[in-house]
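Encoded as structure tokens, the structure appears first; notes follow it.
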There are 2 protein chains.
Amino acid sequence: MARAAKTAAVTAKTKQPLTEPVEDYLKAIYAIGKGSGPAATNEIAERLALAPASVSGMVRRLADQGLLAYERYHGVKLTEKGRRAALRTLRRHRVIEAYLSRALGYPWDRVHHEAERLEHAASDELVDRMAAAIGEPIVDPHGAPIPTRDGAVDETEYTPLADLAAGESGVVARVTDEDAEMLRYLGELSIRPGTRLSIKSRAPFDGPITLTVGKKEFSIGRSLAAHVLIAPARDRGVRRR
Amino acid sequence: MARAAKTAAVTAKTKQPLTEPVEDYLKAIYAIGKGSGPAATNEIAERLALAPASVSGMVRRLADQGLLAYERYHGVKLTEKGRRAALRTLRRHRVIEAYLSRALGYPWDRVHHEAERLEHAASDELVDRMAAAIGEPIVDPHGAPIPTRDGAVDETEYTPLADLAAGESGVVARVTDEDAEMLRYLGELSIRPGTRLSIKSRAPFDGPITLTVGKKEFSIGRSLAAHVLIAPARDRGVRRR
DNA sequence: CGGCAATATTAGGCTATCCTAATATTATAC
DNA sequence: GTATAATATTAGGATAGCCTAATATTGCCG
């Protein structure tokens, strides 16, 4: 106890860079709470593929460092400090993804994996240079918004493709899953940020959704469609670069 | 003991990626032994800024993993496996340096620091893409040779500027120090790979060396000159790209 | 509102890596 | 060729993270 308190005091002063696991926890908590909401121990554990017990321990330490607000048995929330740290990591991650994709020709199904490792090692200077080199992108290759240097994020909400009615159309704004296989599949269907599409029909009882993309027509399942976010056709929401 | 043996057996099979500290040890040992020679515990410790006792421990583990040949009280040498691992890391490091310099405009005095962190996180694919993007460089921004994918390194030896006689001239092939201040200073003097220069005079008793670079003339100390390697003027040793 | 399921936490351990202090070995110098 | 200096190793301990098993808390359901 005495030691934990001392450590917290030291790190608070020292401002030493956060460790890799710590950044991962903060990112996970941010993702679960969408920036501000609470995150349950089990959810964090699942997202990080760790035992819940490990999370309890770490969460206490992060709270000691002032990164989390933590009440035993009641989950955690990011503090302002934690939120800023999470956004720094998120910015790194997404800038790196965008850079890998645009400057180095990485396919969109592999950028996540690579960025996951680089985000902890890249300096702010590097990230800024990357961003500058590709024209200060505002979204990553999956359409996720890139936080600005000072921690602002576009929080526009889009409609899941799964929720559109037959006859409606729009433009893909974002794909909210990093699974490589899924991304490759969507890529084959040309479903990626910027693609215009319209709903032809929706089979009942959670059945597949049939849609038109360019001249092609095909059906996809609901769960897949839930990961594809759509901006209304006339909306300026389709942000490239 | 039994446990150590078991761990070694497992990691030997598993072929899991080496940890960051392990890669750093191998790189240091490679650098000290110039690829094949022996490295003393204290030298390794100094280079990595660790206590010698820590090195003793780690070195034993690396030997258990078959990366080093180790005889107590007599230093270590890389095994073939260790050498290959060291060269992989070295290639990463130097490709990254070259990429940062050429693709992202990093000044040569800062590439080392950044590469030091990225080399452990970058995948082989990324490194290969970087290399391809800047035209498969064969030296890094300091003129150090980049090992090939299959572990070959150019081992050409150059003459330290400090050893040239008055009247001789040549082209800077390499600067063998990563100290940022030193690099900035050399940069101001235009002393960098590719620069042609000639020795005007050498003051006696380890005194300064006066040289001509383009139209400029100035003197530098012996210890600095020892870090500047020169290729004979007509030699093809000045490798750019 | 008592009891069980779901959820979370503590207890006790393990590994990798580092450190300091104590000790051992080698090398050097006279 | 032995004493001392230099070098290296072992002993003992710390820390961050992770794990499993045991235990505690919460919350919901009948």
Filtering trypsin sites (Lys or Arg not before Pro) in region B:68-147 by DSSP loop and by at most 12 other Cβ atoms within 10 Å leaves B:ARG72
Pseudo-spin-label distance A:ALA51 to A:THR176, built 7 Å along Cα→Cβ, given in nm, is 3.2
Shielding of A:99-112 by other chains, given as the mean Cβ count within 10 Å, works out to 2
All alpha-carbon distances of chain A, grouped into 5 Å bins from 0, give the whole-percent distribution 1, 6, 13, 16, 16, 15, 12, 9, 6, 3, 1, 1, 0, 0
Where a ≥ b ≥ c are root eigenvalues of the Cα gyration tensor, a/c under 1.5 meaning rounded, otherwise prolate if a/b exceeds b/c and oblate otherwise, region B:98-145 counts as oblate
Non-local residues with an amide H under 5 Å from the amide H of A:ASP177, with H modelled 1.01 Å from N and Pro and chain starts lacking one, are none
Between the modelled labels at B:GLU168 and A:LYS200 (7 Å from Cα along Cα→Cβ) the distance in nm is 7.8
Scalar couplings 3J(HN,Hα) for region B:120-125 by Karplus 6.51 cos²θ - 1.76 cosθ + 1.60 (θ = phi - 60°), nearest whole Hz, x for Gly and Pro, are 8, 9, 6, 7, 4, 4
Sorted shortest first, the nm distances from the A:GLY57 label point (7 Å along Cα→Cβ) to its counterparts in the other copies are 1.8
Measuring from its Cα centre, chain A shows a charge dipole (+1 at each Lys and Arg Cβ, -1 at each Asp and Glu Cβ) which, in debye to the nearest 20, is 500
Percent of all Cα-Cα pairs per 20 Å bin for the protein assembly as shown, counting from 0 up to the last occupied bin, reads 19, 44, 29, 7, 0
Relative contact order in percent for chain B (Cα pairs under 8 Å, 6+ apart) equals 15
Between A:GLU217 and A:GLU116, Cβ-based FRET efficiency (R0 22 Å, step 0.05) works out to 0.05
Counting only residues 5 or more apart in sequence or on a different chain, those whose built amide H sits under 5 Å from that of B:GLU168 are B:ILE199
Computed about the Cα centre, the charge dipole of region A:172-229 from +1 Lys/Arg and -1 Asp/Glu charges at the Cβ has a magnitude in debye, to the nearest 20, of 360
With -39,500 (n - 2.57) per DSSP H segment of 4 or more residues and division by the full residue count of chain B, the 222 nm estimate, nearest 500 deg cm²/dmol, is -13500 deg cm²/dmol
Residue by residue through region B:139-145, the couplings from Karplus 6.51 cos²θ - 1.76 cosθ + 1.60 with θ = phi - 60°, in Hz, x for Gly and Pro, are 9, 8, x, 9, x, 6, x
In degrees, nearest 10, the alpha-carbon axis of helix B:52-64 is tilted away from the dominant principal axis of the alpha carbons of chain B by 60
Expressed as a whole number, the average count of other chain Cβ atoms within 10 Å around the Cβ atoms of B:127-139 is 1
Residues other than A:VAL172 with Cβ under 9 Å of its Cβ, Lys/Arg counted +1 and Asp/Glu -1, net out at +3
Sequence order, region A:172-182: Karplus ³J(HN,Hα) from phi using 6.51 cos²θ - 1.76 cosθ + 1.60, θ = phi - 60°, Hz rounded, Gly and Pro as x, gives 5, 9, 6, 10, 9, 8, 10, 4, 4, 5, 4
For peptide A:114-124, the mean count of other chain Cβ atoms within 10 Å per residue Cβ is 4
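Going by a ≥ b ≥ c, the root eigenvalues of the Cα gyration tensor, does region B:143-199 fall in the rounded group (a/c under 1.5), the prolate group (a/b larger than b/c) or the oblate group? Before the final figure, lay out each step's value.
Details: a/c = 2.50, a/b = 1.40, b/c = 1.79.
Taking the square roots of the gyration eigenvalues as a ≥ b ≥ c, region B:143-199 is oblate.
No value in this document is a laboratory result; all are computed from the given coordinates. Bear in mind that the values here come from a model prediction, so they are computed numbers and not experimental data. Cβ coordinates were reconstructed from backbone atoms using ideal geometry, including for glycine residues, and neighbour counts include every protein chain displayed.
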